[in-house]
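S.K.: Just passing along the structure, written as structure tokens.
The values are calculated or read from the model by the stated rules, or taken from the named source; none is laboratory data. Given the structure is predicted, the values throughout are model-derived calculations rather than measurements. All Cβ positions, even for glycine, are placed from backbone atoms using ideal geometry, and neighbour counts span all protein chains on display.
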Amino acid sequence: MYRGPWTLEADRLREQRRKRLLRRARGEAPLVFVAFLVGALGVSWFVLRPDLAALLEPDTQVETVPANPVVAYPHFAMCSASLNRNCVVDGDTFRLGTERMRIANIDAPETYRGICGGAREVSLGRQAAARLQVLMNGGRLDIERQGHDGYGRTLVRVRAGGHDVGARLVEERLARYWPDGAEFWCR
């Protein structure tokens, strides 16, 4: 059956386009494979084994508490929509890997909305969060688990550089002892 000259031309153009796409795909395939391999190695190095990343910092020590073993990751940033691992949430809560941890013996002002102290509370809460970040990045961390709270966070005692982080925040009037201390930021 004769299909006409226009169908023969369309078949020829279709075949040329197919060959051109195959040549291009063969040239890009090794690059895509290399990019995938590099990405997979990066994920396995820094996400699956974050304790190995600490080896890159010679002056940072990582320690495990014998009674409640927790490996402390040395560098903390402020949590954000794009960062939710190894970061400070507010003045008494942080994330270690994917686990949310709350310092067991303190309560800090809120950072996003004032419950009782309004703008003063939010300002003090942001100061407490910034100070917690500095303390958490201050060298060796000893983290001792003490159960869970009603929000599913792990309750912990944290010592940074040999000092109790919660006690330090209370001494600096950035937090209160919990449950007995007064919420001084509400006045």
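S.K.: When residues of the stretch 100-122 are filtered for being loosely packed, with under 15 Cβ neighbours inside 10 Å and either at pLDDT 90 or above or among the basic types (Lys, Arg) (or both), how many remain?
M.R.: 2
S.K.: Suppose we keep only residues that are assigned to a strand (DSSP E or B) and in contact with a Phe, Trp or Tyr (Cβ under 8 Å, 6 or more places away or on another chain) within the stretch 75-99. Which one would you say is modelled with the lowest pLDDT?
M.R.: For the stretch 75-99, the residue satisfying everything is LEU96.
S.K.: Would it be correct to say that ASN105 is on the phi > 0 side of the Ramachandran plot and touching a strand residue (DSSP E or B) at 6+ places or on another chain (Cβ under 8 Å)?
M.R.: Numbers: on the phi > 0 side of the Ramachandran plot: no; touching a strand residue (DSSP E or B) at 6+ places or on another chain (Cβ under 8 Å): yes.
So ASN105 fails the test.
S.K.: So, one more: In the stretch 150-158, is there at least one residue being modelled with pLDDT under 90 and surrounded by 15 or more Cβ atoms within 10 Å (Cβ to Cβ)?
M.R.: No, because not a single residue in the stretch 150-158 is modelled with pLDDT under 90 and surrounded by 15 or more Cβ atoms within 10 Å (Cβ to Cβ).
S.K.: Suppose we filter VAL70, VAL43, VAL65 for residues that are loosely packed, with under 12 Cβ neighbours inside 10 Å and either at pLDDT below 80 or not assigned by TED's automatic domain parsing to the domain that holds GLY152 (or both); which single one remains?
M.R.: Step by step, each of VAL70, VAL43, VAL65 is checked, and only VAL43 is loosely packed, with under 12 Cβ neighbours inside 10 Å and either at pLDDT below 80 or not assigned by TED's automatic domain parsing to the domain that holds GLY152 (or both).
S.K.: What are the pairs with Cβ atoms under 6 angstrom where one residue, in the stretch 89-107, is of a type in the set (Ser, Thr, Tyr) and the other, located anywhere, is at pLDDT 90 or above? Sequence gap at least six, or different chains.
M.R.: Between residues of the stretch 89-107 that are of a type in the set (Ser, Thr, Tyr) and residues that are at pLDDT 90 or above, the close pairs are THR93/ARG102.
S.K.: Now a separate question. When residues of the stretch 165-187 are filtered for being among the hydrophobic types (A, V, I, L, M, F, W, C), modelled with pLDDT of 90 or more and in a helix (DSSP H, G or I), how many remain?
M.R.: As a first pass, look at the stretch 165-187 and keep what is among the hydrophobic types (A, V, I, L, M, F, W, C): 165, 167, 169-170, 174-175, 178, 182, 184-186.
Remaining after also requiring modelled with pLDDT of 90 or more: 165, 167, 169-170, 174-175.
Then keep just the ones that are in a helix (DSSP H, G or I); that gives 165, 167, 169-170.
Residues flagged as among the hydrophobic types (A, V, I, L, M, F, W, C), modelled with pLDDT of 90 or more and in a helix (DSSP H, G or I) within the stretch 165-187 amount to 4.
S.K.: Quick one: count up the residues across the stretch 112-164 that are in contact with a helix residue (DSSP H, G or I) (Cβ under 9 Å, 6 or more places away or on another chain), in a helix (DSSP H, G or I) and charged (D, E, K, R).
M.R.: Count: 3.
S.K.: Then there is this: I want to confirm something. Restricting to the stretch 168-187 and keeping residues that are under 16 Å from LEU132 (Cβ atoms) and in contact (Cβ under 8 Å) with a residue 60 or more places away in the chain, which single residue is surrounded by the most Cβ atoms within 10 Å (Cβ to Cβ)?
M.R.: Once the filter is applied, the top-ranked residue is ALA175.
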